[in-house]
Amino acid sequence: MRAGRSGAQRARGPERQVRQGRLSNTCWVHGHDAGAVDWFPGRLRRQEDRAGADRVNADPWRDLDDWARRSAKPSKQEYRDAWEDFGRQPGTRLRWVRTDALRNELRTAGQTVVTVRWGWKPRAVTASGRVFTRRWVPGSWRDITQATGGYPPGMRVSGRDIYLRQFFDESGEPVLYTGGGPVDRYIKFPGGQRWLLFPVLGTGPANAIMTAVDQDGSKIARYRLVKKAAEVTVHPGQQLADELALAIAASAPWLRQRFGA
């Protein structure tokens, strides 16, 4: 810890800017600025009502983004401080590790939550025994957008998402869709009314933090890279059910891919 700064001060991360619209929307598919790293979709909604304010005040992660009020453009050291304080934030801790060339596991300290086998027909198996298969989404883009709702609101892209894939369960029903890339990623859930975006703050793999943010602007999980693994902390208000576990397993590789690391 550096002199003059408390751990609580260092833990205040840049995400406050999502509520103030300070970070520009520079990283987008199809003609994006791939060199820009620190971004947040400006469209995430701010909770202005009393109930929303009470919820924010009760959020154990609220201090993670307070320090951005003092810095329009955080320094590399501030990013690094926020990265180091990642391990102090409350929540369920997970680790995404590779166990062999075609297998990854999402683990807690005591068990494997999701196992993903890659290859021609990737499959994910949860701790509860449910099996999900990943494949491309067939049909015309018009049919696909009717089923998924298309891109999340605020994404300045158009045309077919060539990165769109779906995970479906044993009955053949889609559980979630992954899309976007290689810079901005998203997950959408059937019905098109729920989604996750994955803004990244940082200047490189050594200090970057990726945050899963839902359609209401709430932080769901945060990711950082540690050697050959990715560490994930799930917000303490979230239950790690199969759907969320699958979403985290699907998105866990993205931060490393974001930097080509």
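Around the amide H of Gly217, modelled in the peptide plane, lie the amide H atoms of Arg45, all under 5 Å away and 5 or more residues distant in sequence or on another chain. Exposure proxy ranking for Arg194, Arg258, Arg160, based on other Cβ atoms within 10 angstrom of each Cβ and starting from the fewest, stands as Arg160, Arg194, Arg258. When Rg and the Kirkwood Rh are both derived from Cα coordinates, the Rg/Rh ratio for the stretch 92-258 amounts to 0.94.
Distant-in-sequence amide contacts of Thr203, defined by a placed amide H-H separation under 5 Å and a gap of 5 or more residues or a different chain, comprise Ala208.
Dipole size of the stretch 141-261 about its Cα centre, with +1 on Lys/Arg Cβ and -1 on Asp/Glu Cβ: approximately 640 debye, rounded to the nearest 20. Each principal axis of the stretch 173-261 carries a Cα extent, and these read 36, 28, 23 Å when sorted largest first. 3J(HN,Hα) along the stretch 107-118, derived from phi through the Karplus expression 6.51 cos²θ - 1.76 cosθ + 1.60 where θ = phi - 60°, amounts to 10, 9, 5, x, 7, 8, 8, 9, 10, 10, 9, 8 Hz, with x in place of Gly and Pro.
Taken together, the values in this text are just the output of simple stated rules run on the coordinates, not laboratory data. Treat the numbers as computed from the prediction; the structure is a model and nothing was measured. Ideal geometry is used to build each Cβ from the backbone, glycine not excepted, and the neighbour counts take in all protein chains shown.
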